[in-house]
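Notes follow once the structure below has been shown.
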Amino acid sequence: MEESKKILEGFIPVAKSNAKMFGPNCEVVIHDLTHPQNSVMFTVNNHVTGREVGQSFDHLVKTVLQDEDFKEDHLSGYTFTTEDGRLIRSSTSLIRDSERKVIGAYCVNFDVDALNRMQQFMDDFLPAQADAQVEAHEADEDLENVEEIVDQLIQQIIKNSVHPSMKRHEKVELIRFMEEKGIFLMKGSVEKVASLLGISKVTVYSYLDEIKNK
């Protein structure tokens, strides 16, 4: 009996880990089958089925052992309904001692109704997501429109300012003006300005550094 108790207690950390990993809708029950009349020795998240320590097993014989899919000491994916009508999906694995005698059972019960409610929520929510995707597409179009407007501004600013004998300090002041107006916040603006002014990107960046350091 002492060996059986130690073996079964060794599954308690596993039960806690499983329940924590899969959340509050996952119940884990450990049965001590050396005491079949009150086999439940440990539960976590027992609100799922209401299993209490000291109760006996319910589905081990009539459901698990009778199922043709019960093989290699376990059965996964069988279902049952709670007294309040919730659908539970379960798996049961038998636990054996060093002499290969069955001493316990490790059961995982998952509240499928909770998943169904989640699915219903997602179904209700998905149209909103679709709307969000439309809005995101519209936002992309708006961004393209903004970029086009800024591009036109750059062209107009430079067109109104550039002349054949334009000095360096004039170019710096032109860059300063565009910097103050936020032109360079737009992607690709440095390249555009450099091209229209007939200078390199490096020169534009050096002008910007000069402006920021003053």
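Every number in this text was worked out from the coordinates using simple rules, so none of it is lab data. In this text the structure is predicted, and so the values were computed from the model without any measurement. We place every Cβ from the backbone using ideal geometry, glycine too, and count neighbours over all the protein chains shown.
A few comments on the model shown:
- Here the 3J(HN,Hα) profile of segment 29-41, calculated from phi with Karplus coefficients 6.51, -1.76 and 1.60 at θ = phi - 60°, is 10, 10, 9, 9, 7, 7, 10, x, 5, 9, 6, 5, 9 Hz, Gly and Pro shown as x.
- Across segment 138-213 the C-alpha pair distances fall into 5 Å bins from zero in the proportions 3, 15, 29, 26, 14, 7, 4, 2, 0 percent.
- Out-of-range pairs (alpha-carbon distance over 22 Å; input K181/K212; K5/K71; K159/K192; K181/K201; K71/K101; K20/K62): K5/K71; K20/K62
- Each of M21, M166, M186, M41 was scored by other Cβ atoms within 10 Å of its Cβ. Listed from fewest to most, they are M21, M166, M186, M41.
- Between V44 and V28, the built amide H atoms are under 5 Å apart, and every one of these is 5 or more places off in sequence or on another chain.
- Close amide H pairs (under 5 Å, H built 1.01 Å from N) link Q55 with V40, residues at least 5 positions away or on another chain.
- Rounded to whole Hz, the Karplus (6.51, -1.76, 1.60) HN-Hα couplings of segment 11-16, x for glycine and proline: 8, 4, x, 5, 4, 5
- J(HN,Hα) series, segment 92-106, from Karplus relation 6.51 cos²θ - 1.76 cosθ + 1.60, nearest Hz, glycine and proline x: 9, 10, 7, 10, 10, 8, 5, 9, 6, 8, 5, 10, x, 9, 10
- Compared with the rule-of-thumb size 2.2 N^0.38 Å for a compact globular protein, segment 2-113 has a Cα radius of gyration ratio of 1.00.
- Distant-in-sequence amide H partners of R96 (H built 1.01 Å from N, under 5 Å): I103
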